[in-house]
Amino acid sequence: PTTAVWHVALNGQSQGPFTPEQVRQGIAAGQITPQTLLWSPTLSGWTAASQIADWQGAFAPAPPPLPQ
């Protein structure tokens with residue numbers, strides 16, 4: 001993701017600004033899901049995280065374990 005600041009809609013309220021690293025941490029912790037709305041100055045409006053090119057790869061399923 002770019003160095004943009006991000007705002008996150010959580011519990012019906014705008015939270016932020018957050019750095020891309022803070023957004024990654026929110027995704028890893030399960031606080032930000034593919035349906036969570038995000039906004040940054042580079043977007044025209046609030047957008048689901050899964051629809052933002054910068055974040056689409058963050059929600060990819062984990063690969064299965066290696067065979068024994």
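Would you compute, from DSSP H runs of 4+ residues alone, the mean residue ellipticity of the chain at 222 nm, taking -39500 (n - 2.57) per run and dividing by the full residue count, rounded to the nearest 500?
-4500 deg cm²/dmol
State the label only: which of [x] 1.67; [y] 1.04; [z] 0.98 corresponds to Rg/Rh (Cα atoms, Kirkwood Rh) computed from the shown model?
It is the value labelled [y].
With label points built 7 Å along Cα→Cβ from the Cα atoms of residue 11 and residue 33, find their separation and express it in nm.
Each label point is offset 7 Å from its Cα along the Cβ direction, giving 1.6 nm.
Could you please state how large a percent of the accessible area of the chain is carbon and sulfur, counting protein chains only and using a 1.4 Å probe?
Carbon plus sulfur share of accessible area: 56 percent.
What number comes out for accessible area per residue over the chain if the probe is 1.4 Å? Units Å², please.
I get 68 Å² per residue for this part.
So for 42, 33, what's the accessible-area order with a 1.4 Å probe, most first?
42, 33
The values are calculated or read from the model by the stated rules, or taken from the named source; none is laboratory data. Computed from a predicted structure; not experimentally measured. Cβ atoms come from the backbone with ideal geometry, glycine included; neighbour counts cover every protein chain shown. Accessible surface areas use protein heavy atoms only, side chains included; no ligands, DNA or RNA. Shrake-Rupley method; radii C 1.70, N 1.55, O 1.52, S 1.80 Å.
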